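These notes are about the structure you will find just below.
The values are calculated or read from the model by the stated rules, or taken from the named source; none is laboratory data. This is a predicted model, so every value here is computed, not measured. Neighbour counts run over all protein chains shown; Cβ positions are idealised from the backbone, glycine included.
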Amino acid sequence: MIKLAIVGYGKMGKEIESLMDPNKFELVGRYDIKNPVQNNLDVIPDVAIEFSTPTTVYNNLEFLASKGINIVCGTTGWYDKIRILKSIIEKYDTGFIYAGNFSIGVNLFLSMINNAVCILNKFSDYDIAIEEIHHNQKLDRPSATALKAAEIIIKSLDRKTGINKNGAVETASPELIDISSLRVGKAVGKHKVIIDGVSDSIILEHTAKSRRGFAEGALLAAEFIYDKKGFYKFEDEFKNLI
Ligand SMILES: NC(=O)c1ccc[n+]([C@@H]2O[C@H](COP(=O)([O-])OP(=O)(O)OC[C@H]3O[C@@H](n4cnc5c(N)ncnc54)[C@H](O)[C@@H]3O)[C@@H](O)[C@H]2O)c1
């Protein structure tokens, strides 16, 4: 039985709790803005699943690691601190796994983008861009998944070398991938990769139907990390997890 704590009891925290298999997990703590984990940690969990906010995540991760707790981190918008966090995980000799998107479907989508882009090197008249739509409470833009898709494209498509985030560069440039972010209402999340040529266009699209897919992936990651040490990316372990 894995002792689990949920740090950040918002939409994702609640979804994770609702999907926990009671034969695998025991919930030993729920922490939120009103009862931060730093002041209220009564039972030390084997694994903490962190889904809070881009501004609070880093302090939570540092505190959890300092207590020797293994961590699944789904919160986005903190990746500028990734190197220092890695050194903290090493210092406390704990386990850490993170993803900008824990959904199994999104990870399949990213694999498909990789395959598609490798073929595109031979067809130079096709341009490529990314569009993403999320609910209007989302705090970061572009989404981590859109940035990941762009990273994959840059790695595999020779003619693209950088990103133009939300029109930062006004005039389209052939070596930049345009990413366009739209925030509206309660949209759960849609990512589109648009491949546009002279004769036709091809669109790869992933639409989340609910938060369930993210929560399932986060729980899968909790099972993975609970008896490990070290720093892992969900996408790198994806093939071993499914
Ligand atoms: N990686 C993924 O697969 C994935 C999927 C969905 C959302 N996300 C990300 O996860 C994060 C949370 O998403 P959400 O939809 O649950 O947001 P949410 O706004 O519903 O929940 C965030 C929760 O964090 C709490 N919080 C604030 N300060 C805190 C603190 N110091 N300690 C603990 N909790 C604190 C808030 O009170 C709130 O309940 C966001 O960064 C979002 O972009 C990632």
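For every residue, the table says whether it meets (1) in contact with a Ser or Thr (Cβ under 7 Å, 6 or more places away or on another chain); (2) crowded, with 21+ Cβ neighbours inside 10 Å.
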position	(1), (2)
Ser66	no, no
Tyr79	no, no
Ile82	no, no
Asp93	no, no
Phe96	no, yes
Asn101	yes, yes
Gly105	no, no
Leu108	no, no
Asn114	yes, no
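Residues in segment 213-224 that are within 14 Å of the ligand (Cβ to nearest atom), farther than 18 Å from Ser143 by Cα and not aliphatic (A, V, I, L, M): Glu216 alone. If I ask for residues that are near the ligand (Cβ under 10 Å from one of its atoms) and over 11 Å from Val72 (Cβ atoms), which ones from segment 41-54 would you list? Hits for segment 41-54 are Ser52, Thr53, Pro54.
I'd like to verify a number: residues in segment 66-84 that are without any contact (Cβ under 8 Å) to a residue 60 or more places away in the chain, part of a helix (DSSP H, G or I) and more than 15 Å from Asn39 (Cα to Cα), how many?
First pass over segment 66-84, keeping only residues without any contact (Cβ under 8 Å) to a residue 60 or more places away in the chain: 66-68, 73, 78, 80-84.
Within this subset, residues satisfying the condition of being part of a helix (DSSP H, G or I) are 66, 80-84.
After this cut, where a residue has to be more than 15 Å from Asn39 (Cα to Cα) as well, the list is 80-84.
So the answer is 5.
Is it true that some residue in segment 132-152 is part of a loop (DSSP other than H, G, I, E, B), within 10 Å of the ligand (Cβ to nearest atom) and in contact with a Phe, Trp or Tyr (Cβ under 7 Å, 6 or more places away or on another chain)? No.
For (1) assigned by TED's automatic domain parsing to the domain that holds Lys233; (2) among the acidic types (Asp, Glu), each residue gets a yes or a no:
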| residue | (1), (2) |
| --- | --- |
| Asp93 | yes, yes |
| Phe96 | yes, no |
| Ala116 | no, no |
| Ser124 | no, no |
| Ile128 | no, no |
| Glu131 | no, yes |
| Thr145 | no, no |
| Asp158 | no, yes |
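Counting only strands (runs of 3 or more DSSP E) that sit completely within segment 182-242, those holding 1 or more residues that are surrounded by 18 or more Cβ atoms within 10 Å (Cβ to Cβ), touching an Asp or Glu at 6+ places or on another chain (Cβ under 7 Å) and in the same structural domain as Ala116 (by TED's automatic domain parsing) correspond to 190-196. Would segment 85-106 turn up any residue that is outside any strand (DSSP E or B), within 15 Å of the ligand (Cβ to nearest atom) and charged (D, E, K, R)? So far as segment 85-106 goes, no, none of its residues is outside any strand (DSSP E or B), within 15 Å of the ligand (Cβ to nearest atom) and charged (D, E, K, R).
Residue-wise test of (1) in contact with a helix residue (DSSP H, G or I) (Cβ under 7 Å, 6 or more places away or on another chain); (2) buried (at least 18 other Cβ atoms within 10 Å of the Cβ).
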position	(1), (2)
Gly8	no, yes
Glu15	yes, yes
Leu19	yes, no
Glu26	no, no
Gly29	no, yes
Leu41	no, yes
Ile44	no, no
Ala48	yes, yes
